[in-house]
1. Which number in (1) within 16 Å of the chain's Cα centre (by Cα); (2) more than 12 Å from the ligand (Cβ to nearest atom); (3) under 23 Å from PRO129 (Cβ atoms) marks the one condition that PHE44 misses?
2. Here are some residues: VAL40, VAL64, VAL58, VAL93. Which one is in the same structural domain as GLY121 (by TED's automatic domain parsing) and among the β-branched types (Val, Ile, Thr)?
3. Being outside the structural domain of GLU125 (by TED's automatic domain parsing), over 24 Å from GLY121 (Cα atoms), within 15 Å of the ligand (Cβ to nearest atom) and assigned to a strand (DSSP E or B) is the requirement here; does ALA8 meet it?
4. Looking at (1) away from the ligand (no atom under 16 Å from the Cβ); (2) at pLDDT below 95; (3) closer than 20 Å to GLU131 by Cβ, which is the one condition that is false for PRO36?
5. Examine region 131-145 for a residue that is part of a helix (DSSP H, G or I), under 20 Å from GLU37 (Cα atoms) and modelled with pLDDT under 95, and state whether such a residue exists.
6. Mind checking which residues of region 78-91 are out of contact with any helix residue (DSSP H, G or I) (no Cβ under 7 Å at 6 or more places or on another chain) and within 27 Å of LEU55 (Cα to Cα)?
7. Name the single residue, out of those in region 10-64 being in contact with a strand residue (DSSP E or B) (Cβ under 6 Å, 6 or more places away or on another chain) and among the basic types (Lys, Arg), that is surrounded by the fewest Cβ atoms within 10 Å (Cβ to Cβ).
Amino acid sequence: MRKLDHVAVVVNDLEEALSFYRDQLRMEVTQRRLLPEEGVRVAFLAAGESHIELLQPVDPESGVARFLRKKGEGLHHICLQVEDIDAVVRQLVASGAGITGPVREGAHGKVVFVHPRSAHGVLIELLQPVEEAASAGNMDKAQTK
Ligand code: CO
């Protein structure tokens, strides 16, 4: 385990949520993205080395939209950075933990989700980041709006 990468909060309206997190809490927005294949719009805000991810569903059929309808706004998942995601998944599967699908290539690296029933009620995203060149950070900044 390297560090807590981010904590994700599902919101009804990203702009409204930013008016709290960005404007009132004065957190810096480091990235904004539309992820059509996941049916969400996201914004990342820096909290030291970690981030808060705000998630707004844009597709009513997405898992995040169902979550929002069922539970309302609030904590959606936490993301832990790992060195070797395949090794961690092998170990979890061997010990009977629930994984919500195969490891896949996400925007920031290889990711997989651990089912909340195996993690005492918390959905856990595991992330093995792509080894970024120093310039990758600037690319993220360029997408910030
Ligand atoms: Co996340």
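1. (2)
2. VAL93
3. Here the answer is no, as ALA8 does not meet what is asked.
4. Just one mismatch for PRO36, condition (3).
5. yes
6. Within region 78-91, ILE78, CYS79, LEU80, GLN81, GLU83, ASP84, ILE85, ASP86, VAL88, VAL89 meet the criteria.
7. ARG33
Rundown of residues vs (1) free of Cβ contacts under 8 Å to residues at least 24 places away in the same chain; (2) of a type in the set (Asp, Glu), yes/no style:
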residue: MET1; (1), (2): no, no
residue: ALA8; (1), (2): no, no
residue: ASN12; (1), (2): no, no
residue: GLU15; (1), (2): yes, yes
residue: PHE44; (1), (2): no, no
residue: LEU55; (1), (2): no, no
residue: ARG66; (1), (2): yes, no
residue: LEU75; (1), (2): no, no
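The values are calculated or read from the model by the stated rules, or taken from the named source; none is laboratory data. Values in this document were obtained by computation on a predicted structure and should not be read as measured data. Cβ sites come from the backbone with ideal geometry, for glycine too, and all protein chains shown count toward neighbours.
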